[in-house]
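Have a look at the structure below before the remarks.
Every number here is computed from the coordinates shown, using simple stated rules; none is lab data. Here the structure is a predicted model, which means the values were calculated and not measured. Positions of Cβ are generated from backbone atoms using ideal geometry, with glycine treated the same way; all protein chains shown enter the neighbour counts.
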Amino acid sequence: MNSSKVIFINYFCIAQPFFMNLITNLKQSTANCIQQLYGVQIQPEQVLVNATKPEFEGDYTIVLFAFVKQLGKSPDTLGNELGAAMIADMQGVLTNYNIVKGFLNFTISNAFWFDFIKNATPNNLLSTTSTPKKIMVEYSSPNTNKPLHLGHLRNNFLGWSIAEILKLQGNEVVKTCIVNDRGIHICKSMIAWQLFANGATPADTNQKGDHFVGDYYVKYNDAYKAQVAELVAGGMTQEQAEKEAPIQKGAQEMLLKWEQGDAATMDLWKRMNSWVYEGFDTTYKKIGSDFVKTYYESNTYLLGKELVEQGLNKKVFYQKEDSSVWIDLTGDGLDEKIVRRKDGTSVYITQDIGLAQVKQKEFNTDASIYVVGDEQNYHFKVLKLICQKLQLPAADGIYHLSYGMVELPTGKMKSREGTVVDADDLVEAMIQISKEKTESLGKVSEFKEAQLTALYNTIGLGALKFFLLRVDPKKKMIFNPEESIDFHGFTGPFIQYTHARIKSILRKTGTDISLTVSELLPLEKGLAIELSNFQAVINEAAETLDPSKVAIYTFNLAKLFNSFYNELSIANAESEDKKNLRIQLGILTAATLQKGMRALGIEVPEQM
RNA sequence: GGUUCGGUAGCUCAGCUGGAUAGAGCGUCAUCCUUCUAAGAUGAGGGCCAUUGGUUCGAAUCCAAUCCGAAUCACCA
């Protein structure tokens, strides 16, 4: 069992494209023909259908080895009998077959692909599922003591993209955010502000609010380290000094006051958080994150207490002598886990159980996806298990979309040590680079200032988003700030460029066309085949919650189009028929690139 | 120590429900703008798919063991 291959949702009826699904039909036909020829029952799913390798003749290949033994036929005999039977079975679709060492290659008829090209439109390339679900995607989860960094960007882009992909299938998606706005770390920046700010505000220093507050979090840590060093120099042990540092004690007192609802503390807390939220809003707007509902931990941290009582009654939980409450998960291969402290307060897992129930009551979703880093894999495993044992209605719908950390070549990012790649800085840098590149190419000289600004944003963010989404979410990734993110090759701008290039051609040729049958050249057919795969890619990305599948697909499609573009002229095609056919392929490719990139949260320009 | 996830070209990554000669991008080298946008295309070079054993007609892919790296196993969140 490999948990990394867990399928998010198995749709009873997944979205099917408007055209006949060739692969499904090939499998079915194989099973039918084997039944007819040899009277042996085979499940269509057992049949392996691949795209034929370019060095062989054909479009799709059926692998015969699996049946050779079962049917007691040589690969050649089986191939010939099956090939002939299937061509009769799928008349008009299959035209030819050949056999190479147990691989049965079929050529699909020109008419089939032409029909696909003719009937496809930007609007029917994707169709929606007949069994839509209501799905919550919780992502972003910022802390209010520091600004967003590169890791948050991966989270935000992933969450957004997953939501878009699920929407493409016709599901209803509810995007939510849980803000970690309380706790000792928040008090640390608060006390540092009290000590060092002299009443300064973000407006005074002309800073974004989240950065302003983040600076005090760093100042706290600097002061803390200095105090500890001083105490150690005065003869204390390191351990003692870490406990006794005055600023640390101050933060703890402040947390106590906060929990007691002390007016002055609450005022300061609200004030500083409002600065941070202002900063976050700017960033979210810039990167395109939004939420239907934002939950605040200051409101949710006491949740789950009732559920502890229920759990005790149901004997899911048990109480220790010191009156703390636990659950024993050793039977499930995990540990014992505390769910309520001896003083009666909730722990992290308890509030999450409570929050899961609150969200379920408020939105009544079929599933809830938590976009959270892989360091919390264990936590979410436990969360789901406890919810299931409590028989909460939300339990089975909990999915943890676990993603790997973004690391620097020097190792993990640490905000306390200042080794973080700041989200705002990085976004700005990307936009700046896209500006420089665009200017040096000089292709948009007629653009007005506002158009240029929009274009730089589109390209800069496109490069950044694509960079973070093109790799498998569950893998950790390394970001090297020394090497800027690329604009060539397997990148967002490459695909944006291909789209703009197609649009440029279509502006010249017009799109008012009527199609008449013509022979398809290999590159034309190749594009048609790739376009016909779009729905399957979206389905797979949704089932595995993996946007990188879409990134890879859009890249391959763009690459294929660029080869096509290089070899064949559209505007000056050999004949009017060819010209119209290629215009149609251009329309479909541009639309597919646009939708695919949209699913990654990336816009594509008309011109660049 | 237990659990989980990784190890594929110099670098960053695909491929992993077993199938034909393991693929991209970057970087390197070489071609192609008087012809629809060169942020492009074409080609060359680059590999003991961590190691060993097993299953199979067939293994990067499945199984077992080993080595290396990461995360986690808090009355922090």
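For this structure, a couple of remarks:
- Ordered by the count of other Cβ atoms within 10 Å of each Cβ, fewest first, A:503, A:475 give A:475, A:503.
- Partner lysines whose Cα lies under 16 Å from the Cα of residue A:146, excluding those fewer than 8 positions away in the same chain, are identified as A:188, A:208, A:219, A:270, A:414.
- For the stretch A:97-108, putting each phi into the Karplus relation 6.51 cos²θ - 1.76 cosθ + 1.60 with θ = phi - 60° gives couplings of 9, 8, 10, 10, 6, x, 10, 9, 9, 10, 9, 8 Hz, in residue order, rounded to whole numbers and with x for Gly and Pro.
- Exposure proxy for A:347, A:517: other Cβ atoms within 10 Å of each Cβ, ordered fewest to most, give A:517, A:347.
- Contact order, relative form, for the stretch A:461-599: 35 percent (alpha carbon pairs under 8 Å, 6 or more residues apart, mean separation divided by residue count).
- DSSP loop GluC sites (Glu not before Pro) with at most 16 other Cβ within 10 Å: longest gap in chain A: A:58-320
- The label point for residue A:375 and the one for residue A:388, both projected 7 Å from the Cα toward the Cβ, are 2.7 nm apart.
- Scaling against 2.2 N^0.38 Å puts the C-alpha radius of gyration of the stretch A:22-119 at 1.03.
- Spin-label proximity, residue A:448 to the stretch A:579-608 - amide N less than 20 Å from point 7 Å beyond Cα toward beta carbon: A:605-608
- In the stretch A:107-193, the C-alpha radius of gyration followed by the widest Cα-Cα span (Dmax) gives 22.0, 74 angstrom.
- In terms of surrounding Cβ atoms within a 10 Å radius of their Cβ, A:106, A:114, A:490 rank from fewest to most as A:490, A:114, A:106.
- For chain A, the mean projected area of the C-alpha convex hull, equal to one quarter of the hull surface, is 35.2 nm².
- On the beta carbon distance between residue A:556 and residue A:336, with R0 = 45 Å, the FRET formula returns roughly 0.35.
- Taking chain A and dividing mean pair separation by its residue count, relative contact order in percent (alpha carbons under 8 Å, at least six apart): 16
- Within the stretch A:295-337, the trypsin sites (Lys or Arg not before Pro) that combine a DSSP coil assignment with at most 13 other C-beta atoms in a 10 angstrom radius are A:314, A:315, A:320.
- Rounded Å value of the spacing that divides the Cα centres of the stretch A:262-299 and the stretch A:303-381: 26
- For chain A, the longest principal axis of the Cα atoms and the long axis of helix A:522-532 meet at an angle of about 50 degrees.
- Cα gyration tensor, the stretch A:175-312 - rounded (a/c under 1.5), prolate or oblate: oblate
- Alpha-carbon centroids, the stretch A:431-455 and the stretch A:149-227: separation in whole Å: 31
- With N counted as the residues of the stretch A:301-448, its alpha-carbon radius of gyration over 2.2 N^0.38 Å works out to 1.55.
- Stokes-Einstein D (µm²/s) once Rh is taken as the Kirkwood radius of the stretch A:337-400 over alpha-carbon pairs, at 25 °C in 0.890 mPa s: 202
- DSSP beta bridges fully contained in chain A are about 50 percent antiparallel.
- If you look at the Cα atoms of the stretch A:461-599, you get an Rg and a Dmax of 16.4, 54 Å.
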